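Remarks on the structure that follows.
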Amino acid sequence: MAARRISSLVSRSLPLISRGGKQAYLGRGVSRYSTAAALEDPIKPPVSVQYSKLLINGQFVDAASGKTFPTLDPRSGEVIAHVAEGDAEDINRAVAAARKAFDEGPWPKMTAYERQKIMLRFADLVEKHNDEIAALETWDNGKPYEQSAQIEIPMFVRLFRYYAGWADKIHGLTIPADGPLHVQTLHEPIGVAGQIIPWNFPLLMFAWKVGPALACGNSVVLKTAEQTPLSALLVSKLFHEAGLPDGVLNIVSGFGPTAGAALCSHMDVDKLAFTGSTDTGKIVLELAAKSNLKSVTLELGGKSPFIVCEDADVDQAVELAHFSLFFNQGQCCCAGSRTFVHEKVYDEFLEKAKARALKRTVGDPFKAGIEQGPQIDQEQFEKILKYIKYGTESGATLETGGDRFGTKGYYIQPTVFSNVKDDMLIAKDEIFGPVQTVLKFKDLGEVIQRANNSRYGLAAGVFTHNLDTANTLMRALRVGTVWINCFDTFDATIPFGGYKMSGIGREKGEYSLKNYLQVKAVVTPLKNPAWL
């Protein structure tokens, strides 16, 4: 099966072919950022908002408090819709519905084949509504429509078909024991799963979490990110059209300190899965421990190294490094945000990396050919600009970019820093924006030590034609994923997760099923067995 690549947008996968001081600087030849895609009035999205209430027990309902909050268009900061603001009482209602659906409803009791058919019908419906769903995702999030429609929604469909395929292949084992005993294990659904998804990939994170949970026979209460609540409501409506029983999937929009904390602390939630920042992940883990010690899966932050070795084809390395950082406006947990370049090719790489950033098309994400839309919101926009200021103040060289793009919305110029040192904040912290930091290294031992000198360990990229170099780095780097001569190559079958403070557990692939299953051992004595 061919890997479904986010990086297919640039087609940069390459084979291994052989073995073997506080002053701000302005980069040489730096010019003002320009683009072929001038910002104009935002294009009217080809979609309308149909669902803005909470989905509880199969029905769209107002929040118990009657409150709503605005979800904004990041292209302009204008209100798209007012969405029901769930809080602790709504979490209680959603958990009660999920508990009843699990304890009394048909979902865990129906045959796995029947669950599979419902999930497959859902995937077909999403595929049928691809363009509508993609437009809503782009409107609420700001990512390029071509990315949503051609990459992310098809990947969403593939993920649900993959997990539908697993539904009737989950089973236990028969185990030999020392003595006349029949021993078997049962793999049972864990119960009610609480899930919290982020704003950078709303639907893909929905699929990563809901897919395996439902395939295993669980029920779900999912809290969406307050910045991007719309697409989950639309696809969940389609799930019920496909035959999903009421209460199996409940969607609560709201804020972390209220709805999120209530979900994490709820005594009737059996499992938590969270994707977001490391600091919030710590809070999730603490609330889970202080309540009923529910198991937790965490997919958290990253500061991934992208290592360009001395044998690299510089033109190809520049394009792949550019993609690894700037994809999705730089709002990607596994972004190649520390670009380590061997000293022999550093100068050439830097000049070409700057030129590539200057060519990047920034503009309305509904416009054809746009590579970069706006950042998600004002808070993230200001955070990124603050880190850019930190970079110049700490002595890094600003090669290009460094400011907002246009006067409306949350657009930021693609930014490149050189002469970056490991102790600078731009080299240590997760910026989550279009800011490339380029660092120089001399040899493998040095770059391994520096790459691993981070509290994060989510992913890494390695660019080399030397198989021995690749093998050395893939084993030495303390990260959950190593991409060699590619980046952001995702597939439903490939597990994803981090070392260190980048998380706990793995999502996607067969490994993700373990997050939503309990293993029960059953032992029965045998009388006069014919064999043992």
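The values are calculated or read from the model by the stated rules, or taken from the named source; none is laboratory data. Remember, predicted model here, so these are calculated numbers, not experimental data. Methodologically, a virtual Cβ is constructed for each residue, glycine included, from the backbone with ideal geometry; neighbour enumeration extends over all protein chains shown. For the accessible areas, the whole protein counts, side chains as well, though only heavy atoms, and no ligand, DNA or RNA atoms are used. Shrake-Rupley method; radii C 1.70, N 1.55, O 1.52, S 1.80 Å.
Of note:
- Segment Asp423..Glu40, full-extension length gain: 133.9 nm, with 0.36 nm per residue of separation and the alpha-carbon distance subtracted.
- Counted charge near Ser512, where neighbours are those whose Cβ lies closer than 11 Å (Asp, Glu -1; Lys, Arg +1): +1
- Within the straight-line cut-off of under 12 Å between alpha carbons, the aspartates and glutamates reachable from Lys169 are Glu510, sequence neighbours fewer than 8 places apart in one chain being disregarded.
- Residue-count net charge about Tyr145 - beta-carbon cut-off 11 Å; Lys, Arg +1, Asp, Glu -1: -3
- Cα centroid separation, the stretch 85-140 to the stretch 405-438 (Å): 37
- Straightening the chain between Thr493 and Asp347 buys 48.7 nm, computed as 0.36 nm per residue apart minus the Cα-Cα spacing.
- Carbon/sulfur fraction of accessible area - the stretch 57-157, other protein chains in place, 1.4 Å, %: 50
- Where the chain is the region considered: accessible area per residue in Å², 1.4 Å probe: 40
- Of all lysines in the structure, the ones whose alpha carbon falls short of 21 Å from that of Lys44, not counting any fewer than 8 places away in one chain, are Lys143, Lys367, Lys408.
- For the stretch 208-222 versus the stretch 244-279, the inter-centroid distance based on Cα atoms is 12 Å.
- Packing-based ranking, highest mean first, of 173-184, 67-78, 116-127 given that Cβ atoms within 10 Å are counted: 116-127, 67-78, 173-184
- Cα→Cβ-extended label distance, 7 Å offset, between Ser48 and Lys290, nm: 4.5
- Listed by chain and number, the lysines whose C-alpha is less than 20 Å from the C-alpha of Lys271, apart from same-chain residues fewer than 8 away, are Lys100, Lys109, Lys209, Lys223, Lys282, Lys290, Lys294, Lys508, Lys514, Lys520.
- Among residues other than Asn92 with Cβ under 12 Å from its Cβ, the summed charge is -2 (Lys and Arg +1, Asp and Glu -1).
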